[in-house]
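Undergrad: The following block contains the structure, expressed as structure tokens.
Every number here is computed from the coordinates shown, using simple stated rules; none is lab data. Note that the structure is a prediction, hence the values are computed from the model and not measured. FYI the Cβ positions are ideal-geometry reconstructions off the backbone, even for glycines, and counts take in every protein chain you see.
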């Protein structure tokens, strides 16, 4: 097995459980096929662990948690079985869930979501891509009732790994849609053209929170995708739930989901959320609950300043639509914007408007997207619920 020598005093973070070895932490970068299994050792010969080596990537080694001797179908069967056991404990009875959440399941660079009898796979790193056949065989072993496996390998991070972009079926007969049930709501997932792996499973638990707050309320769901929070609000008895999204395909899917669930109190609008909120403020509208669930505003550190400006404007405008007693739900999936940064933005914008915010609830990604404590990179979703305190 290829051995990679760490530079002096670079092992502490790795010994504490972090799974990425960066190029500049290695004493040299030997030439090897991207995705080669390699053992990482310290100057005194201590084995930090084994992982997939890629000399083309800034993340030179993605450790697999321990000293792994062989990666094959049996290896993935073991890891997938352990992951399934955890999901069955934390989210029993779900028809759709994230099976593998990358580093949190000690499989850096691999994402797998299950939608009923279809698995959707994302391989973000060369090591996982190299073992695509093993991953497919392991999924078929652990889930014998699977009908199809789809890859959605269109993320730009693959280019940094020297990988091509690919998507489509890799096994079985791929359906155009898969029907799932989330929080008692029938959702049709577009496996082939839907965003990410087809649906945003990470907000599952947070949608329940919004639903519980919604009976008799007027709810505005911003960046609604295929219905998400608006459908949960409508199902729980909202007087009115309106979803806004810039994608016509998403709006059409959300409307179809509302009809599928016979929710006549939900409707959806195609619009730019920033523009739409400003227009509603100018029209003097007031809402009981405003939900903000925007896409990531920053993929790199150079974009953080712009992300902060975007979150500031978005939350400031939303607060203008809420009277005392109203509820602001502010979410961020931008990993580079921490919860403390988001709280600071909200505090500052509330002060500008002379509003008082009272934090009622804080959440994060659903437990099928677990957080590995040694890797803050695995924690990305912030979910904050406030009420507007009257004077």
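Undergrad: If you split all Cα-Cα distances of the range 241-322 into 5 Å bins from zero, what percentages do you get per bin, shortest first?
TA: Result, from short to long distances: 3, 13, 20, 20, 18, 14, 7, 3, 1, 0 percent.
Undergrad: Okay, moving on. Take every DSSP beta bridge with both residues inside the chain and express the antiparallel ones as a percent of the total, to the nearest 5.
TA: On the way: 49 of 76 bridges.
Within the chain, antiparallel bridges account for around 65 percent of the total.
Undergrad: Rank the residues 369, 361 as a footprinting-exposure proxy: fewest other Cβ atoms within 10 Å of their Cβ go first.
TA: By the 10 Å Cβ count, ascending, the order reads 361, 369.
Undergrad: Specify the residue with the greatest mean-square fluctuation among 337, 90, 48, computed from a Gaussian network of the chain linking alpha-carbon atoms under 10 Å apart.
TA: So, out of 337, 90, 48, the one fluctuating most is 90.
Undergrad: Using only Cα atoms, find the angle between the long axis of helix 73-90 and the longest principal axis of the chain, and express it within 0 to 90 degrees, rounded to the nearest 10.
TA: 30 degrees
Undergrad: Quick one: compute a quarter of the convex hull surface over the Cα atoms of the chain and quote it in nm².
TA: Details: hull surface 78.3 nm².
Quarter of the Cα hull surface area: 19.6 nm².
Undergrad: Still on this structure, please answer the following. Just to be sure I understand: with springs between alpha-carbon atoms less than 10 Å apart, which residue in 378, 302, 81 has the highest mean-square fluctuation in the Gaussian network model of the chain?
TA: 302
Undergrad: To the nearest Å, what is the center-to-center distance of the range 304-321 and the range 251-274, using C-alpha atoms only?
TA: 24 Å
Undergrad: Helix 339-352 against the longest principal axis of the chain: what's the angle in degrees, Cα atoms only, rounded to the nearest 10?
TA: It is inclined by approximately 20 degrees.
Undergrad: With all distinct Cα pairs included, what does the Kirkwood hydrodynamic radius of the range 95-220 come out to in Å, to one decimal, could you say?
TA: Numbers: mean 1/r = 0.0640 Å⁻¹.
For the range 95-220, the Kirkwood estimate is 15.6 Å.
Undergrad: Take the Cα gyration tensor of the range 200-389, multiply each eigenvalue by 5, square-root it, and list the three semi-axes largest first, rounded to whole angstrom. Before the final figure, lay out the partial values.
TA: Details: eigenvalues 114, 81, 52 Å².
The three semi-axes for the range 200-389 are 24, 20, 16 Å.
Undergrad: Given the Cα-Cα distance of residue 18 and residue 5 and 0.36 nm per residue of separation, how much length would full extension add, in nm? Walk me through the numbers before you get to the answer.
TA: On the way: separation 13, 0.36 × 13 = 4.68 nm, distance 1.68 nm.
Contour length minus the Cα-Cα distance gives 3.0 nm.
Undergrad: Another question about this same structure. In percent, what relative contact order does the range 73-175 have, based on Cα pairs under 8 Å that are 6 or more apart in sequence? Show your work: numbers first, answer last.
TA: Working: 167 pairs, mean separation 23.5, N = 103.
RCO, the range 73-175: 23 percent.
Undergrad: Output the relative contact order of the chain, whole-number percent, from Cα pairs under 8 angstrom with separation of 6+ residues.
TA: Details: 828 pairs, mean separation 43.4, N = 391.
The value is 11 percent.
Undergrad: Another one. Using Cβ contacts closer than 10 Å as the measure, can you line up 72, 129, 173 from fewest to most?
TA: Numbers: 72 12, 129 23, 173 8.
Going from sparsest to densest Cβ surroundings: 173, 72, 129.
Undergrad: Separate question: When the chain is treated as a GNM, springs tying every alpha-carbon pair under 10 Å, which of 325, 102, 51 comes out with the largest mean-square fluctuation?
TA: Result: 325 has the largest fluctuation of those listed.
Undergrad: Something else: Roughly how many Å is it from the Cα centre of the range 194-239 to that of the range 5-34, as a whole number?
TA: 43 Å
Undergrad: Using the Kirkwood radius over C-alpha pairs as Rh, can you work out the diffusion coefficient of the range 1-44 via Stokes-Einstein at 25 °C, viscosity 0.890 mPa s, in µm² per second? Each step should come with its number before you reach the end.
TA: Values: Rh = 11.0 Å.
After rounding, the answer is 223 µm²/s.
Undergrad: Additional query: Between residue 300 and residue 167, what FRET efficiency comes out of the Förster formula 1/(1 + (r/R0)^6) with R0 = 41 Å and r the beta carbon distance, rounded to 0.05? Before the final figure, lay out each step's value.
TA: Numbers: r = 24 Å, r/R0 = 0.57.
It comes out at approximately 0.95.
Undergrad: Starting at 0 and stepping by 5 Å, how many percent of the alpha carbon pairs of the range 90-155 end up in each bin?
TA: 4, 17, 29, 28, 16, 5, 1
Undergrad: Report the calculated FRET efficiency for residue 44 and residue 155 (r = Cβ-Cβ distance, R0 = 35 Å), to the nearest 0.05.
TA: Details: r = 38 Å, r/R0 = 1.08.
Computed FRET efficiency for residue 44 and residue 155: 0.40.
Undergrad: If the chain between residue 212 and residue 82 were fully stretched, how many nm would it gain, using 0.36 nm times the residue separation less the Cα-Cα distance?
TA: Working: separation 130, 0.36 × 130 = 46.80 nm, distance 3.24 nm.
This chain segment gains 43.6 nm when fully extended.
Undergrad: At a Förster radius of 25 Å, what calculated FRET efficiency corresponds to the Cβ-Cβ distance of residue 271 and residue 353, to the nearest 0.05? Show your work: numbers first, answer last.
TA: On the way: r = 23 Å, r/R0 = 0.92.
E(calc), rounded to 0.05, equals 0.60.
Undergrad: Mind pulling the angle between the C-alpha long axis of helix 204-213 and the longest principal axis of the chain? Nearest 10 degrees, somewhere in 0 to 90.
TA: 20 degrees
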